[in-house]
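**Q** One structure follows; several queries about it will come next.
The values are calculated or read from the model by the stated rules, or taken from the named source; none is laboratory data. Here the structure is a predicted model, which means the values were calculated and not measured. Glycine also receives a Cβ, built like all others from the backbone with ideal geometry; neighbour counts cover every protein chain displayed. Note: areas computed on protein heavy atoms with side chains; ligands, DNA, RNA excluded. Shrake-Rupley method; radii C 1.70, N 1.55, O 1.52, S 1.80 Å.
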Amino acid sequence: MNDNRVHMENTGTHQDNSKKISISRIMIAAPSSGSGKTLITCGLLNLLKKKGLKPASFKCGPDFIDPMFHTKVLGTRSRNLDTFFTDPDTTRGLLARNAKDADLAVLEGVMGYFDGMGIDSSRAGASDLASVTDTPVLLIVPAKGVSRSVLPLIRGFLDFQEKPCIRGLILNRVSAGLYPRMKEMIEREAGVPVVGYVPVVKDCALESRHLGLLMPDEIASFQDRLDRLADVLDGTLDLEQILKIAGSAPALTVREGNAEKYSAVNWGKVRIGLAKDEAFCFFYADNLDLLREMGAELVPFSPIHDACLPDNLDGLMLHGGYPELYGKELGENASMRESVRRAVTGGLPTLAECGGFLYLHRQLTDLEGNAWPMAGVFPESAYYTGRLTRFGYVTLTGGTMFGRDVGEIRSHEFHYYESEDPGSTFLARKPVGNRSWRCVRSTDTLYAGFPHLYFYANPGTAEAFIERCAEYHANRNL
């Protein structure tokens, strides 16, 4: 299937450098959050894998946890696609690039299908991504406790589309006995195919916590749950019809853009320590790939389990995650805390986002109110607020990234914790409305703050970081 479905053809002039790329693809979307998108997406991915196909998976929007579930199913890193962060050409290019070796791409939507970055806008939502990438959509329809009442819901979603991407429906939480009559009624009166249903499957729910779903490794017998779900879906989904819909997706027009220009630049080999364990686990895979393309060797280490930083580093990355759940373990690893403190205060180029930013504080108060010592780069404390302090997309302006003015930086915040001093280098402004605030501590060798960066939103951020790492490397070897 792969040889037939993925095909590249030069179609543009030398100047526009465009290609037509054919990729089978489908999006799983729903009317609202909590409709079972992640569970059904994972079940479908597992079923495709069991059928001998090789799917690639993507998550719409700035989400770190749902891609972990996709990755757990497939064994390969899932990717994010986000139309707030990237222009249409870059978005299509990232989809094509990361699906090039796959039989088909499966995209998981975000929130409700038409929900976007504001109450008056669908931009950056699932419908926007489907439109930009011309991806056929399977809409999950909640069907428990209703029959004919699903029709106005379905018709409303079909009529509201500016671009007709919804190509099929999956009825969720419906019985095997009722399904054939529901399918016939919907197809007759709504004119859209119903490609299967999902019954109530016991012991397959995905539990949540304050930042979202529990992570896959925390869910007991996660793979067993997915295997049971795949077995159920094998009998309730019309996989042949789903693959036919996916195969009907038009070829993508992809043009070389700013991201390719930056990824082609290589500053020479630099070693960057990458904090990676239970506490620090929120990564954009495309960020890491871009750094590698620019010449970085990423060296994983654990602030929980290792005694000190790896040797001969030229840079340090402390991403987000759940340091608040591992305050005791992080606090008791005094040698690592001291190793990080000496490195950062000594000028090692460091990028610390959200949870990584919290780790650089003097202390962190956990959910039970216990205060644990952290790396101590900053003298202030960080504490739990009990609510989302700042949430969603922001644009950062007015500051410098590792001493360089890289222009506006599109990013996002999502945290229940606050710092006694969150920084003031940048002005963060919401893309919708008038809300803004100061944030981030930025110097020539440090970016530390709550906003998460997606490098393809502004590849100059990655360039500024790795260039500083290269300078550190050169000076270290004098």
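**Q** Roughly what % antiparallel, to the nearest 5, for the DSSP beta bridges in the chain? Mind dumping the intermediate values first?
**A** Values: 39 of 82 bridges.
Approximately 50 percent, going by the DSSP bridge assignments.
**Q** With the calculation restricted to Cα positions, what are the radius of gyration and Dmax of region 329-465 in angstrom?
**A** 14.9, 45
**Q** How many angstrom lie between the C-alpha centres of region 119-184 and region 58-116?
**A** If you average the Cα positions of each part, the centres end up 20 Å apart.
**Q** Given the C-alpha centroids of region 424-478 and region 20-50, what is the distance between them in whole angstrom?
**A** First find each Cα centre; the distance between them is then 33 Å.
**Q** On a 1.4 Å probe surface of the protein chains, which of MET317, MET111 comes out largest in accessible area, and what is the full order? Each step should come with its number before you reach the end.
**A** Values: MET317 0, MET111 85 Å².
In descending accessible area the options line up as MET111, MET317.
**Q** Note down the relative contact order for the chain as a percent, whole number, built from C-alpha pairs under 8 angstrom at least six residues apart. Walk me through the intermediate numbers first.
**A** Numbers: 1049 pairs, mean separation 62.2, N = 478.
Relative CO of the chain lands at 13 percent.
**Q** Same structure, new question: Counting just the Cα atoms, what span does region 102-163 cover along each of its three principal axes? Round to the nearest Å and put the largest first.
**A** 36, 35, 18
**Q** Less than 14 Å Cβ to Cβ from LEU274, Lys/Arg counted +1 and Asp/Glu -1: what total charge do the surrounding residues give? Don't jump to the answer; show the numbers that get you there.
**A** Numbers: positive: ARG77, ARG271, LYS276, ARG292; negative: ASP277, ASP289, GLU297, ASP306, ASP314, GLU353.
Cβ neighbours under 14 Å give a net charge of -2.
**Q** Would you kindly calculate the translational diffusion coefficient of the chain, applying Stokes-Einstein with the Kirkwood radius from alpha carbon pairs, for 37 °C and a viscosity of 0.692 mPa s, and quote it in µm² s⁻¹ without decimals? Mind showing how you got there, number by number?
**A** Details: Rh = 23.5 Å.
Answer, rounded: 140 µm²/s.
**Q** Taking the solvent-accessible surface of protein heavy atoms with a 1.4 Å probe, what is the per residue accessible area of the chain in Å²?
**A** Working: 19140 Å² over 478 residues.
I get 40 Å² per residue for the chain.
**Q** Turning to a different aspect of this structure: Starting from the Cα-Cα distance between LYS328 and LYS163, subtract it from 0.36 nm times their residue separation and give me the gain in nm to one decimal. Provide the component values of the computation, followed by the final result.
**A** Values: separation 165, 0.36 × 165 = 59.40 nm, distance 5.10 nm.
Separation in residues times 0.36 nm, less the Cα-Cα distance, equals 54.3 nm.
**Q** How tilted is helix 459-476 with respect to the longest principal axis of the chain? Cα atoms for both, answer in degrees (0 to 90, nearest 10).
**A** It works out to around 30 degrees.
**Q** Return P(r) of region 80-196 (all Cα-Cα pairs; 5 Å bins starting at 0; whole %; ordered from short to long distances).
**A** Reading the bins upward from 0: 2, 11, 20, 20, 16, 14, 9, 6, 2, 0.
**Q** Rank GLN241, PHE357, PHE280 by how far each Cα sits towards the positive end of the charge dipole of the chain (+1 on Lys, Arg Cβ; -1 on Asp, Glu Cβ) and give me just the farthest.
**A** Comparing the listed Cα positions along the dipole, GLN241 ranks first.
**Q** Hey, another quick one. With +1 on each Lys and Arg Cβ and -1 on each Asp and Glu Cβ, and nothing else charged, work out how big the dipole of region 127-188 is about its Cα centre, in Debye to the nearest 20. If you can, show how the numbers build up before the last one.
**A** On the way: 9 positive and 6 negative charges, 81 e Å.
It works out to roughly 380 debye.
**Q** Express as a percent, rounded to the nearest 5, the fraction of DSSP beta bridges in region 236-364 (both residues included) that run antiparallel.
**A** 15
**Q** How many percent of the accessible area of the chain is carbon or sulfur, using a 1.4 Å probe?
**A** Working: 9230 of 19140 Å².
Ligands and nucleic acids excluded, carbon and sulfur reach 48 percent.
**Q** So which of LYS144/LYS183; LYS19/LYS100; LYS50/LYS72; LYS50/LYS183 end up more than 18 Å apart, counting from Cα to Cα? Let's see the in-between values first.
**A** Working: LYS144/LYS183 14 Å; LYS19/LYS100 13 Å; LYS50/LYS72 14 Å; LYS50/LYS183 26 Å.
Long pairs (Cα-Cα over 18 Å): LYS50/LYS183.
**Q** While we're here: Compute, for the chain, the length of the dipole vector about the Cα centre, with Cβ point charges of +1 (Lys, Arg) and -1 (Asp, Glu) only. Units Debye, rounded to 20. Could the numbers behind the result be given before it?
**A** On the way: 53 positive and 59 negative charges, 193 e Å.
With Lys and Arg at +1 and Asp and Glu at -1, about 920 debye.
**Q** On to the next question. Within the set of other residues whose C-beta is less than 12 Å from the C-beta of HIS361, count the net charge using Lys and Arg as +1 and Asp and Glu as -1. Please report the intermediate quantities before stating the final value.
**A** Details: positive: ARG337, ARG341, ARG362, ARG441; negative: GLU324, GLU380, GLU418, GLU420, ASP421.
Residues near HIS361 contribute -1 overall.
**Q** Relative contact order of region 378-478: what whole-number percent is it, with Cα pairs under 8 angstrom and at least 6 residues apart?
**A** On the way: 192 pairs, mean separation 28.4, N = 101.
Computed value for region 378-478: 28 percent relative contact order.
**Q** When all alpha-carbon pairs of region 328-383 are counted, what percent fall beyond 18 Å?
**A** On the way: 381 of 1540 pairs.
Everything past 18 Å amounts to 25 percent.
**Q** Mind checking which of SER436, TYR472, GLY369 is farthest towards the positive end of the chain's charge dipole, using Cβ charges of +1 (Lys, Arg) and -1 (Asp, Glu) about the Cα centre?
**A** SER436
**Q** Using alpha-carbon pairs under 8 Å, 6+ residues apart, how would you state the relative contact order of region 71-178 in percent? Could the numbers behind the result be given before it?
**A** Details: 103 pairs, mean separation 23.0, N = 108.
The normalised contact order for region 71-178 reaches 21 percent.
**Q** Which percentage, to the nearest 5, of the DSSP beta bridges contained in region 86-209 is antiparallel? Numbers along the way, then the final one.
**A** Numbers: 1 of 10 bridges.
In region 86-209, DSSP labels about 10 percent of beta bridges as antiparallel.
**Q** Now for a separate question. For ASN477, what is the net charge nearby, where nearby means another residue's Cβ is under 12 Å from its Cβ and Lys, Arg count +1, Asp, Glu -1?
**A** Values: positive: LYS269, ARG271, ARG476; negative: ASP314, GLU471.
For residues surrounding ASN477, the net value is +1.
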